[in-house]
Amino acid sequence: MADNIQKLRNIGISAHIDSGKTTLTERILYITKKIVAVHEVKGKDGVGAKMDSMELERERGITISSAATYCEWKGHKINIIDTPGHVDFTIEVERSLRVLDGSVLVLCAVGGVQSQSITVDRQMNRYKIPRVAFINKCDRSGADPKRVIRQLRERLNHKAVFMQIPIGLEGDFEGIVDLISMKAVYFEGAFGEVLRTEEIPGHLLKEASEKREVLLDAASMFSDELTEAILEETVTEDMIYDAVRKGTISRALTPVFVGSAYKNIGVQPLLDGVARYLPSPPEVENIALDLEQDEKEMVLSSSPDKPLVALAFKLEVTPYGQLTYLRVYQGAIQKGDDLVNVRNMKKIKVGRLIRMHADEMEDISYAGAGDIVALFGVDCFSGDTFTDGQRRYSMASMFVPEPVISLSIAVTDSKSEVNLSKALNRFVREDPTFRSYVDQESGETIISGMGELHLDIYLERMKREYKVQVETGMPQVAYREAISQKAEFNYIHKKQTGGSGQYGRVAGFMEPSEDGTYEFINEIKGGVIPTEYIPAVDKGFQSCLKKGHLIGFPILGMKIHINDGQSHSVDSSELAFTQAAIGAFKQAYHKARPIVLEPIMKVSVECPSEYQGNAMASLNQRRGMILSSAEDGVFTTIDAEVPLAEMFGYATTLRSLTQGKAEFTMEFSRYTKVPESIADELKKTLNEKSKGGKKS
């Protein structure tokens, strides 16, 4: 580990699908001499064979699981996490961003700011991640970096400035002009490892001067020294570097680099930008909650001498045991140390401390603040905080979106049952967005996830890694129920079975909640329900929200007001009031006119402009609402909202409508009311399924 923590960078490489993240990571590793050969992304040993180490990733040409690696560049130690671009694997991006200090936002010079770029940018904002942008694929037909930087400003509200401009574009792309040194840089050698610096070509001189003025104008906002130097015409390169760094770290400026990872152009200047402009661990404020002081927020120090605080952000089950990825925020870990898992206060010993290089491991004996390392054989969950026992600090965990799609699965032979159980336990532990449970009524095993591809990948992994053959049932949408009007209740729970009985009366009303949350409002006066029984009433109502009485799905958005009741000096108990609340809920629920809610997905379709009509028609047929349509002459991007129930099999439909030239992404947007006709059909179908389940 670098002795100087100021020269440590923890960065992520994030982008829309197929923007070239994995290729860029591979080129960085080659240039920093971490790997000795470069091949092709989708090949068996490809540019991706290192980072995309899972066989499924290489076959499909996508990144599924975030891969961690590290390299050194000009005295800087850089930990890199290459993350998936597909929205179904959003948790991989979330958990990576949670522990990173900076990020490279990769954009395609042809596609520009695409739907998933917007999602990734939103995730970076959630964790306050400074970033630099890299406009990749400048060698592709239709490449237009100026359009991309416009989209960065308009769609993502970035104060984006070019640090470079391209020399040529598309097939003529051959190098870059550095706007700080005002030199032309060409990349030679087999993989662009040799840099040749020359004067700027005459036809680019005017444009370079104009773009440099824009850069200086933007950077001067962060440095009085630079402002004065501009007026006196005594600007130095270091002044610009310092000003751009301040702007980047404050997230008020986004430096934009250009290049082509595949053609090996522009990777070294991007690495220089990572080292120059992205923050080191001490420059990022990290907060822990002190559990011994009522979760008081504590700012962590990046000193290796302070008490240890580390976060487990990702788990992986290997043939040799569980691998736990850790980010050390404060203090240090040494081989043989005792750590305490704050969640359950269990003590563990550090047997093996590892630095990851994609699927390879390097044993190390020490890790200090800012490091990203892995432990072997530690029993914990994703999101657990580890300390050395001196403090009871807990790091706020990452944001975990709720699953939106479910499948029923069944094994085809009895031998596979044990292996299925092992597979499900492992996947649930590794991926917080993947859920598994047994339906109490039908006895079916249900798996839930973020989309069809997400579940498809896990089913494929069950077959390959656990030799489990499964049959799948129809995909099930995660519907919800809600009430649409106020309804009163006044319920007495009375039971006499000899000896002391049960007695509790609960009165009040339920009403819809605008923000979709549950709220319990106690308006009891005069102690008609003793204070010690109020939590039991709340517990009774909450237990009813898990399964509605309309179609049997969880209930969203409800306020419960209790304003009257009655207790008995002998027969009242917590159980009695819990049962009274359950009875009161059943009494009022149907009077409150429950409705069915369905998940609405934000869908973004990108297709050649000649297929725009087909794509729009296909979305309209699926009860979609077109929100916007943007055309840039070659490609059209259509943004729409479509019910998830209508999106099954859409990938196949879209391919056939556009001769395989279109792609789409979708992510959960919100819940909304199902039309009456569809709700009636749904009730009928689910009731029949429920009866069938009970018979079996």
Screening Val274, Val267 for residues that are in contact with a helix residue (DSSP H, G or I) (Cβ under 8 Å, 6 or more places away or on another chain) and among the β-branched types (Val, Ile, Thr) leaves only Val267
Just to be sure I understand the filter: pairs with C-beta atoms under 6 Å, separated by 6 or more residues or on different chains, first member in segment 475-486 and closer than 17 Å to Leu644 by Cβ, second member of a type in the set (Asp, Glu) and in a strand (DSSP E or B). Which pairs pass? Tyr479/Glu598
Which ones in segment 142-198 are under 27 Å from Ala252 (Cα atoms), part of a loop (DSSP other than H, G, I, E, B) and of a type outside the set (Val, Ile, Thr)? Ala143, Asp144, Leu156, Asn157, His158, Lys159, Met163, Leu179, Ser181, Met182
Counted residues, segment 134-158 - those being buried (at least 24 other Cβ atoms within 10 Å of the Cβ) and out of contact with any Leu (no Cβ under 8 Å at 6 or more places or on another chain): 1
Can you spot a residue in segment 213-221 that is assigned by TED's automatic domain parsing to the domain that holds His158, touching a residue at least 40 places away in the same chain (Cβ under 8 Å) and in contact with a Gly (Cβ under 9 Å, 6 or more places away or on another chain)? yes
Of the residues that make up segment 136-148, is at least one in contact with a strand residue (DSSP E or B) (Cβ under 7 Å, 6 or more places away or on another chain), more than 30 Å from Arg98 (Cβ to Cβ) and without any contact (Cβ under 8 Å) to a residue 40 or more places away in the chain? no
Could you say which residue among Lys494, Lys559 is outside the structural domain of Ile409 (by TED's automatic domain parsing) and modelled with pLDDT under 90? Lys494
Could you check segment 211-226 and list, in sequence order, the residues that are within 13 Å of Tyr241 (Cβ to Cβ) and surrounded by 19 or more Cβ atoms within 10 Å (Cβ to Cβ)? Leu215, Leu216, Ala219, Phe222, Ser223, Leu226
Being crowded, with 20+ Cβ neighbours inside 10 Å and of a type in the set (D, E, K, R) narrows it down to one of Glu574, Glu598, Glu631, so name that one. Glu598
Among the candidates Leu291, Leu270, Leu300, single out the residue that is within 29 Å of Ile165 (Cβ to Cβ), within 27 Å of the chain's Cα centre (by Cα) and in contact (Cβ under 8 Å) with a residue 24 or more places away in the chain. Leu270
Here are some residues: Asp413, Asp363. Which one is among the charged types (D, E, K, R), over 26 Å from the mean Cα position of the chain (by Cα) and part of a strand (DSSP E or B)? Asp363
Sole miss for Gly336 among (1) more than 17 Å from Ala396 (Cα to Cα); (2) under 24 Å from the mean Cα position of the chain (by Cα); (3) in a loop (DSSP other than H, G, I, E, B) is condition (2)
Taking Ser618 and the conditions (1) out of contact with any strand residue (DSSP E or B) (no Cβ under 6 Å at 6 or more places or on another chain); (2) within 29 Å of Leu407 (Cβ to Cβ); (3) in a helix (DSSP H, G or I); (4) touching a residue at least 40 places away in the same chain (Cβ under 8 Å), which numbered condition does it fall short on, given that it satisfies the others? (4)
If we keep just the residues of segment 452-473 that are of a type in the set (A, V, I, L, M) and outside any helix (DSSP H, G or I), which is surrounded by the fewest Cβ atoms within 10 Å (Cβ to Cβ)? Val470
Quick one: is Glu316 in contact (Cβ under 8 Å) with a residue 60 or more places away in the chain, of a type in the set (Asp, Glu) and part of a strand (DSSP E or B)? yes
Quick one: would you say Ala651 is over 30 Å from Ile595 (Cβ atoms) and either touching a strand residue (DSSP E or B) at 6+ places or on another chain (Cβ under 7 Å) or modelled with pLDDT of 80 or more (or both)? no
Condition check: crowded, with 17+ Cβ neighbours inside 10 Å and either in contact with a Cys (Cβ under 6 Å, 6 or more places away or on another chain) or not basic (Lys, Arg) (or both). Does Ala208 satisfy that? yes
Pairs where the first residue, in segment 340-355, is under 16 Å from Ser382 (Cβ atoms) and the second is basic (Lys, Arg) and outside any loop (DSSP other than H, G, I, E, B), C-beta under 7 Å, 6+ apart: none
Being small (Gly, Ala, Ser), more than 30 Å from Tyr650 (Cβ to Cβ), in contact with a strand residue (DSSP E or B) (Cβ under 7 Å, 6 or more places away or on another chain) and not assigned by TED's automatic domain parsing to the domain that holds Arg622 is true for just one of Ala580, Ala536. Which residue is that? Ala580
Being part of a helix (DSSP H, G or I) and either closer than 19 Å to Tyr479 by Cβ or aliphatic (A, V, I, L, M) (or both) is the filter here, so list the residues in segment 586-615 that pass it. Ala588, Tyr589, His590, Ala592, Ala615
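The values are calculated or read from the model by the stated rules, or taken from the named source; none is laboratory data. Fair warning: this is a prediction, and the values are worked out from it, not measured in the lab. So basically every Cβ, Gly included, is an ideal-geometry build from the backbone, and we count neighbours across all protein chains shown.
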